[in-house]
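Following: one structure in structure tokens, then a few remarks.
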Amino acid sequence: MAVPALQLDHVSKVIGGLTILEDISLTVQPGERRAIIGPNGAGKTTLLNVIAGFLPATRGRVHVFGREVTKLPAHRRVDVGLLKTNQQPAVFHELTTRQNILIALLRGRHTPLGLGGLVERDREIQRRAEQVLEEWGLLDVSDIEVRHLPHGYQRRVELAARFALRPRLLLLDEPAAGLAVDEIPAFIERLKQLPRDMTVVLVEHSMRVVFSFADRITVLHHGAVLADGTPDEIQQNEEVQAAYLAGAMRGRDAGIA
Amino acid sequence: MNAKSITAQWRPAAILGLLVLLLIAPFVLPTYPLSVLTEILIFTLFAMSLNILLGYAGLPSLGHSAFFGTGGYAVGLLAKYFGTPAPLALLIAVGAGIALALITGPFVLRTHGAYFLILTLSLTQVLFGIVWLWRRVTGGDDGLPGIPTPKLPFLLGRVSDTANFYYLTLIVVGIAIATIAWVVRSPFGLALVGIRENERYLEGLGYPTWTLKYVAYALAGGYGALAGGLFAYFKGFVGPGQISWLLAGEGMVMVILGGAGTFWGPAIGTILVLLLRYEVSAFTQRWVMILGIVFILTVLLLPQGIVRLPNRIREIRAQLRREAPLPRPTAPAHHTPSERAVEQVIERS
């Protein structure tokens, strides 16, 4: 079997004496679409932050494409192709859309610190930014400060910036949150079009998004893995039904399955 | 957007014009205004160096005088004890400023916001204490007087001494400002703005944010020390006043008044503060009070600094033309053009 895209071995996270994540082990294969679901406070976002390196794991190990990254800071994990989006789109509000894309494209260019050359004179990078903007339908808003853009656009800027860095493992933290109901089908389509050589780990409350996208689903409950399986298995799992799914389905996306 | 491109078009011409004015100034201005102009140049460099931290990287330093003073004392000590020639002394001053930043950076850069402000302030106070107490070397509160003013050899005898040092300052500050322009427009400069906006997001894009801040701090320290070194030559004296946190606060006022995070803002702020100090003080002792009022009005009416005044006027006029009686309360008026563009895009999609 191929080297897993993501492997967690007995990962725990304790913050201020409170155990947020307890002994989490999971393996995500290359190209897989994995959803992580669970009630509020189950530790989903914390788990993504531990994987991305924004929070250090208290115990356990994290491997990405066979490389141990447990002790690496977040910015070094980008080197192995790991990128993450935020619940609130991680964009620079006072910068224009174009500058947001440029900042991603310019990472590590020129010298390690980027102290060489002027941004506006760098033809190659400007051309690539133009391409990215076009690809994501952002040309019309390219010179507008991102804070003036509606939420859906900000999300697009965020994703475009991450894709500019060619992620191999993409962590999406509630990407559908804040989208209007009628925007969700288009969003699911966009997710489905992600290249198959990219591994995606998705934390999402919208069961509609989860069940139409994920190959496998991990259910977190009180910081521990409650169940792990294909969407069908998860739907039929009584424990999951009791703990979360029934309520979540009834409450949020009635009649999707 | 249009306004921006017009500004960009005229920028080279404006800079050239400014340079010509600065070059002929000694032939037009009497001695006293020329020395005020020299001081403006030096403090512009000081404010611009602080702006790298405060404006671009969003690190509110209230200890930038530590670097200014370090540069000043480096020049003073070298001139007094070793008779070091000015070019070398200024280089060593820059090195001392960078070294101080590299040593103190790991401590102060652990913090953000108000904590950063307090730590940088304490750093200045510690240095102030050392300078004050180490009388044997630093002269204590008497400082180090009698620093000889360096002169450009090729201008000797052709212009007055004041004009000679003015040209020397113009060359040094001009080169320094040009390199600052290059730094802030490089990918590094854009990354600093990213740190100001959201350090964590920038880290998530793979930037080593701590290292970037450390380098920015060292650069700001180097430029700040260069300004301090020049000032010591300018006054022929260096004393504890040049390392005091009051000076750091004044630098902060200059940057914020003119426009933090803009390139020319700190220069405008410096001109304003120094003109108030030297011109208004001729009429009233209360120039600091007037400065305070100007500062409050600026922060309230032009939160992005005086450098934005032309834009602001243009927007207000544009608004009047569209017969909008008042700016929309939710968003600052100067973003109206972009908001309109957004609305168009939304309508289209």
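Since every read-out is calculated from the coordinates, none of them should be taken as a lab result. The structure presented is a predicted model; accordingly, all values stated were derived computationally and were not measured. With ideal geometry, Cβ positions are generated from the backbone for all residues, glycine too; neighbour counts draw on all protein chains shown.
Annotations for the structure displayed:
- Whole-number Å³ per residue for the convex hull built on Cα positions in region A:122-163: 73 Å³
- Nearest 10 degrees, 0 to 90: helix A:151-164 Cα axis against chain A principal axis: 80 degrees
- Charge dipole (Cα centre; +1 on Lys/Arg Cβ, -1 on Asp/Glu Cβ; no other charges) of region A:34-108 amounts to roughly 240 debye.
- Among the residues of A:95-104, the average count of other protein chain beta-carbon atoms within 10 Å of the residue beta-carbon is 3.
- Taking only alpha carbon atoms, chain A gives an Rg to Rh ratio of 0.98, where Rh is the Kirkwood radius.
- Whole-Å distance, taken between Cα centres, linking region B:49-128 and region B:20-38: 29 Å
- Chain B, helix-only ellipticity at 222 nm - DSSP H runs n ≥ 4, -39,500 (n - 2.57), divided by all residues, nearest 500: -24000 deg cm²/dmol
- Most fluctuating residue given options B:Pro310, B:Pro60, B:Pro145, as computed from a GNM of chain B linking Cα atoms under 10 Å: B:Pro310
- At most 11 other Cβ within 10 Å, DSSP loop - trypsin sites (Lys or Arg not before Pro), region A:26-113: A:Lys71
- Debye, to nearest 20: dipole size of chain A, +1 on Lys, Arg Cβ, -1 on Asp, Glu Cβ: 740 debye
- Dipole magnitude of the protein assembly as shown, debye to nearest 20 (Cβ charges: Lys/Arg +1, Asp/Glu -1, about Cα centre): 1320 debye
- Kirkwood hydrodynamic radius of region B:31-301, Cα pairs, Å: 18.8 Å
- Other protein chain Cβ atoms within 10 Å, averaged over every residue that makes up A:47-57: 1
- Mean Kyte hydropathy of 1.6 or more with a Cα span along the axis of at least 27 Å, helices from DSSP in chain B: B:86-108, B:113-133
- Exercise: per-residue mean of other protein chain Cβ atoms within 10 Å, A:135-146: 3
- When region B:164-313 is reduced to its Cα atoms, the Kirkwood hydrodynamic radius in Å: 17.4 Å
- Bridge type composition, chain A - antiparallel percent by DSSP, nearest 5: 55 percent
- In whole angstrom, the protein assembly as shown maps to an equivalent ellipsoid with semi-axes of 53, 28, 21, each derived as √(5λ) from the alpha carbon gyration tensor and ordered largest first.
- Computed FRET value (nearest 0.05) for B:Gln125 with B:Arg200, which takes r as the C-beta separation and R₀ as 30 Å: 0.45
- One Cα centroid belongs to region B:161-176, the other to region A:38-88; the line between them spans 53 Å.
- Residue order, fewest to most surrounding Cβ atoms within 10 angstrom, among B:Ser281, B:Ser35: B:Ser281, B:Ser35
- Over 26 Å apart at the Cα level, from the set B:Lys80/B:Lys213; B:Lys213/B:Lys235; A:Lys84/B:Lys213; A:Lys13/B:Lys213; A:Lys84/A:Lys192; B:Lys151/B:Lys213, are B:Lys80/B:Lys213; B:Lys213/B:Lys235; A:Lys13/B:Lys213; B:Lys151/B:Lys213.
- When the trypsin sites (Lys or Arg not before Pro) in region B:138-228 are filtered for DSSP coil states and for at most 12 other beta-carbon atoms within 10 Å of their beta-carbon, the remaining sites are B:Arg158.
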